[in-house]
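Each remark here refers to the structure printed beneath this line.
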Amino acid sequence: MSSDNLALLIPIIAIIAWSVTSTVKHTTRQSDRASQPDPTLQAALTQAEAHATRLEERIDQLERILDEDIPGWRARNAR
């Protein structure tokens, strides 16, 4: 995978992880307001949280790979 592809892949994954995380936070706030949590909503929240965790782990792993394969990539791609 070329460094151009990796430079595009990381922001895309970060956006997806941020989106899932903010959805989880929003859902959590809404479920806190409800007196009886909906079991379906709770299951969806648990699944979304697990998905966000997996995405964050993948981002961390990709960053470790980039650190090994392309030293200094963070400085070159910082904006």
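Brief remarks follow.
- For region 50-79, the candidate set comprises residues that are modelled with pLDDT under 85 and not in a helix (DSSP H, G or I); within that set, the residue that is surrounded by the fewest Cβ atoms within 10 Å (Cβ to Cβ) is Arg79.
- Total residues in region 22-49, condition modelled with pLDDT of 70 or more and assigned to a helix (DSSP H, G or I): 19
- Applying a threshold of 6 Å to beta carbon distances and a minimum spacing of six or more residues, or different chains, the list of pairs starting in region 36-63 at a residue that is acidic (Asp, Glu) and ending at one that is open to solvent by less than 60 Å² (accessible area, probe 1.4 Å) reads Glu49/Val24; Glu56/Ala17.
The values are calculated or read from the model by the stated rules, or taken from the named source; none is laboratory data. Since we're looking at a predicted model, the values are computed, not measured. Reconstructed Cβ throughout: ideal geometry from the backbone, glycine too, with neighbour counts over all protein chains shown. These accessible areas exclude ligands, DNA and RNA; they are computed on the full protein's heavy atoms, side chains included. Shrake-Rupley method; radii C 1.70, N 1.55, O 1.52, S 1.80 Å.
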